[in-house]
Each structure stands twice: as C-alpha cells, then as structure tokens.
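Undergrad: Take this structure, written in structure tokens, and hold onto it; I'll ask about it next.
Nothing in this text is a laboratory measurement; each read-out follows from the coordinates by a stated rule. Note that the structure is predicted; figures quoted are calculated from it, not measured. So basically every Cβ, Gly included, is an ideal-geometry build from the backbone, and we count neighbours across all protein chains shown.
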C-alpha cells in the first residue's frame, strides 16, 4: 500500500495531478480542495489512497491527513465510491463534511452533485459515531480525538473489558485532557477500569 508520493508536479488541473519521482510519473486523482493547496507548488508530498479493482488501479491524493481520513470514512459507506467521495470533498471542505455529519445536516450533504436524500442519511447514520461525538458538556471531540478513542476502545475491548464501560471511561479521560496518545489513553483507562 502506497502511503504518499513525493516529487515534482509535472501537470496539475482541478481533478488530477501528475507527480514525477524516480523517473516515473504517477497520475493521481485529487479534489478541488487539494488542487487549491497544490496549485502554486512545483514539488509536493501527496498522501495517497489506492483503489485496486480488477479493471483499474487508481490513486487518490490528498494535501493533508484530515482530508484523506474523511475520504476513507466516506468510502466505507455503502453506495459511496471513491469518485463520489472525491466529489463531496471538492464541493465541501473536510471540516464542512465533518460538521454536516455531526449536526445531522442532510441538506448540506444533499447539496453535493450525485448525493440524494437516502445516501446523505446513510452517511450520517454510518459515520456520526466515527466522526465526532457530542459529549455531555456540549464539547465536540475533534476527529483526531475520536480516532484515538476508537483505537483505544478497540484495544481495551480485545483485552476483555466491556465496551460500554470502556467507552464511558475514555470519554471522561478525553474530556479532561485532550492531547493524549493512544498509549496514554489505554494506560489511564486501565487504571480507571
């Protein structure tokens, strides 16, 4: 699996970029958001997501990790393929997609070409818990906090702890202290379980 490609931008337009590295030119599909961040550069490091099918091998590129993470969540939803997710990230910023999901704002998601009511609802239902969670205090955990929380939750459940108990403990820890690593989260949770 390719994580990123770093090299010289030989060709760029709002939907794709060609990056040359080691004498090979990689054609990478991009969103308008990524295009706006790369447009004035001659060299760049692009984070990549590979889509490998029987009939095609495609690369999708992102200027930052947040956009790639949202892209990967979107393609995990039934009915949303890589091109639809790219269309969503061309119409909305990753932050706007995240906010629309957290606030259950179907209309924002429906405003994207090719996204109907049922698909928008499915995106919200499938991703609301993964993107962010409103805590009892009204704070919204950031996407990074939620990813760390999910990793810690998974590890602790594998160790044999009840998912509901672990979830409550992790939320309290994240609410009290934001910048913990996954390892720190697990260690603190173990002390409280």
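Undergrad: Averaged over all directions, how much area does the convex hull of the C-alpha atoms of the chain cover when projected, in nm²?
TA: 13.0
Undergrad: What list do you get for 126, 55, 176, 64 if you sort them by fewest beta carbons within 10 Å?
TA: So the residues, fewest neighbours to most, are 55, 176, 64, 126.
Undergrad: What value, in deg cm²/dmol to 500, does the helix sum -39500 (n - 2.57) over DSSP H runs of n ≥ 4 give at 222 nm once divided by the residues of the chain?
TA: Value at 222 nm, helices only: -15500 deg cm²/dmol.
Undergrad: Which whole-number percent gives the relative contact order of the range 1-61, counting Cα pairs below 8 Å spaced six or more residues apart?
TA: 35
Undergrad: Describe numerically, in nm with one decimal, the distance between label points set 7 Å from Cα along Cα→Cβ at residue 32 and at residue 4.
TA: 2.6
Undergrad: Only Cα pairs under 8 Å and at least 6 apart count here; give the relative contact order of the range 143-192 as a rounded whole percent.
TA: 44
Undergrad: Identify which of 173, 52, 101 has the largest mean-square fluctuation in a Gaussian network model of the chain, with springs joining Cα atoms closer than 10 Å.
TA: Looking only at 173, 52, 101, the biggest GNM fluctuation is shown by 52.
Undergrad: Would you report the distance distribution of C-alpha pairs in the range 4-62 as whole percents per 5 angstrom bin, up to the bin with the largest distance?
TA: 4, 21, 33, 25, 11, 4, 1, 0
Undergrad: Let me ask you something else. How tilted is helix 82-91 with respect to the longest principal axis of the chain? Cα atoms for both, answer in degrees (0 to 90, nearest 10).
TA: 90
Undergrad: Then there is this: Can you pull the one-decimal nm distance between simple spin-label points at residue 150 and residue 43, each 7 Å off the Cα toward Cβ?
TA: Between residue 150 and residue 43, the label points sit 3.4 nm apart.
Undergrad: Please say if the range 39-116 is rounded, prolate or oblate, where rounded means a/c under 1.5 for a ≥ b ≥ c the square roots of the C-alpha gyration tensor eigenvalues, and otherwise the choice is prolate for a/b larger than b/c and oblate otherwise?
TA: oblate
Undergrad: For the range 143-192, what does the alpha-carbon gyration tensor say about shape, rounded, prolate or oblate, given a ≥ b ≥ c as the root eigenvalues, a/c under 1.5 as rounded, and a/b over b/c as prolate?
TA: prolate
Undergrad: Arrange 4, 26 by Cβ neighbour counts within 10 Å, fewest through most, would you?
TA: Arranged by neighbour count, lowest to highest, 4, 26 become 4, 26.
Undergrad: Let me ask something additional. Compare 27, 161, 71 in a GNM of the chain, Cα atoms joined below 10 Å, and give the one with the largest fluctuation.
TA: Ranking 27, 161, 71 by mean-square fluctuation puts 161 first.
Undergrad: Further question: If R₀ is 25 angstrom, what is the calculated FRET efficiency for the pair residue 184 and residue 129, using the beta carbon separation as r and rounding to 0.05?
TA: 0.65
Undergrad: Then there is this: On a C-alpha basis, how far is the centre of the range 94-109 from the centre of the range 1-52 in Å? Whole number, if you could?
TA: 27
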